[in-house]
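The values are calculated or read from the model by the stated rules, or taken from the named source; none is laboratory data. All of these numbers come straight from a predicted model, not from anything done at the bench. Quick reminder, even Gly has a Cβ in these numbers, built from the backbone with ideal geometry, and neighbours come from all protein chains shown.
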Amino acid sequence: MEPNQTLPSLIKCRPTTNNNMADEENQDHVPQENEPTTFDYSKRAQWLRAAVLGANDGLVSTASLMIGVGAVKQEVKAMILTGFAGLVAGACSMAIGEFVSVYSQLDIEVAQMKRENKLDEEEEEGLPNPLQAAAASALAFSVGAMVPLLAASFIRDYNVRIGVVVTAVTVALAVFGCLGAVLGRAPVFKGSLRVLVGGWVAMAVTFGLTKLMGPQSVVYCATTVAFKSLPQAS
């Protein structure tokens with residue numbers, strides 16, 4: 001001990017490495033009960049995407065088909081048959097497309113797990129289900145397509161029928177957009193607005209182009225006159 005160094009100063013100068021290591025170990029072994037549990041919303045992506053996409057697609061495509069046909073053929077029977085055909089065709093198309101897409105994703109994930117030797121029962125439970133995704137898409141599409149069909153089924157007057165279909169589709173688009181935003185923890189207003197504006201644009205474009213090509217349009221009349229003026233084969 002040096003003559004100028006007292007005992008208290010020596011105690012203060014002792015290394016604190018062991019204490020620091022003990023503190024770090026205590027921090028590393030914090031009880032898991034105190035840790036906040038956060039839900040991973042990305043796990044909802046598969047069924048949420050299929051359901052919201054299917055419902056919006058069924059709603060917009062079926063309503064656009066009905067309004068487009070109604071632009072040139074105002075009978076209620078024609079609009080209902082068009083909507084029903086769109087429902088069946090769209091539901092089958094959505095189911096097949098979703099099945100193929102998810103099955104391709106499943107093959108890629110299984111192949112990757114086999115290469116890493118991680119394929120076990122727990123991992124298999126977390127893999128995507130093609131049949132579940134296909135059924136969700138078809139069901140959601142059908143639910144969305146039923147909205148304009150039911151809205152137009154019991155109204156004879158053409159103008160009132162079109163107005164009721166557009167109103168019902170607008171409300172349903174807002175509800176679907178809001179539901180998707182809430183479940184996905186996204187901004188509700190922006191999500192609903194995007195879906196709503198997209199549906200309006202689709203219906204307007206379909207109605208306008210069909211009206212332009214209808215039997216009473218200038219394009220149709222000009223095409224008919226030009227075709228009749230062509231020399232007929234003997």
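Regarding Ile80, is this residue touching a residue at least 24 places away in the same chain (Cβ under 8 Å) and within 22 Å of Asn56 (Cα to Cα)? Considered against the rule, which asks whether it is touching a residue at least 24 places away in the same chain (Cβ under 8 Å) and within 22 Å of Asn56 (Cα to Cα), Ile80 comes out as yes.
Within region 162-194, being more than 20 Å from Val205 (Cβ to Cβ) and among the basic types (Lys, Arg) holds for Arg185, Lys190.
Let's see how each residue does on (1) in contact with a strand residue (DSSP E or B) (Cβ under 9 Å, 6 or more places away or on another chain); (2) more than 30 Å from Thr167 (Cα to Cα); (3) of a type in the set (Lys, Arg):
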{"site": "Glu75", "(1), (2), (3)": "no, no, no"}
{"site": "Ile80", "(1), (2), (3)": "no, no, no"}
{"site": "Ala85", "(1), (2), (3)": "no, no, no"}
{"site": "Val88", "(1), (2), (3)": "no, no, no"}
{"site": "Glu98", "(1), (2), (3)": "no, no, no"}
{"site": "Leu106", "(1), (2), (3)": "no, yes, no"}
{"site": "Lys118", "(1), (2), (3)": "no, yes, yes"}
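None of Val52, Val69, Val100, Val110 is over 26 Å from Arg185 (Cβ atoms) and modelled with pLDDT under 90 except Val110.
For region 204-213, indicate whether the set of residues that are touching a helix residue (DSSP H, G or I) at 6+ places or on another chain (Cβ under 6 Å) and either among the acidic types (Asp, Glu) or not in a helix (DSSP H, G or I) (or both) is non-empty. Looking for residues that are touching a helix residue (DSSP H, G or I) at 6+ places or on another chain (Cβ under 6 Å) and either among the acidic types (Asp, Glu) or not in a helix (DSSP H, G or I) (or both), one finds none in region 204-213, hence no. Only residues that are part of a helix (DSSP H, G or I) and under 23 Å from Phe176 (Cβ atoms) were counted across region 107-153, and they come to 22.
Going by the conditions given, is Val169 exposed (fewer than 14 other Cβ atoms within 10 Å of the Cβ) and either under 17 Å from the mean Cα position of the chain (by Cα) or at positive phi (or both)?
On the way: exposed (fewer than 14 other Cβ atoms within 10 Å of the Cβ): no; either under 17 Å from the mean Cα position of the chain (by Cα) or at positive phi (or both): yes.
When the stated conditions are applied, Val169 does not pass them.
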